[in-house]
Amino acid sequence: VQLQASGGGLVQAGGSLRLSCAASGTTFTIDDMGWYRQAPGNKRELVASISSGGRTNYADSVKGRFTISRDNAKNTVDPQMNTLKPEDTAVYYCAARRSASRNVNWWGQGTQVTVSS
């Protein structure tokens, strides 16, 4: 499986951005898809994920501001990020997990999101 991420950039606080991730390869093995982020000096953390059945999971810090969606036919996962805050600044990584796996199996390249105050 290969994950190709796009989107990101610089936005002012209160603004919005949309990321996108497209999976290719043996995508039938994928269960969960999602996004993680890592700010300088911090550990990589889950932002949001969505299962093949549509079950979503969000970090508390983004609940009510971010919405993740998935197109199983196109193998894409897109988080819409609204009301962005400077603390959302990080490198964002697309990720995917195969069925019956507890850990992320595939990572996409990171994309920088910078929110200015």
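Some observations on this one:
- A Cβ-based charge dipole, computed about the Cα centre of the chain with Lys and Arg at +1 and Asp and Glu at -1, lands at about 140 debye.
- The calculated FRET efficiency for Gln38 paired with Ser69, based on their beta-carbon distance and R0 = 22 Å, is about 0.45.
- Counting only protein heavy atoms and a probe of 1.4 Å, the accessible surface of the chain is 46% carbon and sulfur.
- Distance in nm between pseudo-label sites at Gln2 and Asn57 (7 Å out along the Cβ direction from Cα): 2.8 nm
- Placing dummy labels 7 Å off each Cα toward the beta-carbon, the span from Asn103 to Glu87 is 2.9 nm.
- In this structure the range 24-78 gives 55 Å² per residue of accessible area when probed at 1.4 Å with all protein chains present.
The values are calculated or read from the model by the stated rules, or taken from the named source; none is laboratory data. Being a predicted model, the structure only gives us computed values, none of them experimental. Quick reminder, even Gly has a Cβ in these numbers, built from the backbone with ideal geometry, and neighbours come from all protein chains shown. The protein model used for the area step is the full one, side chains on, heavy atoms only, and it has no ligands, DNA or RNA in it. Shrake-Rupley method; radii C 1.70, N 1.55, O 1.52, S 1.80 Å.
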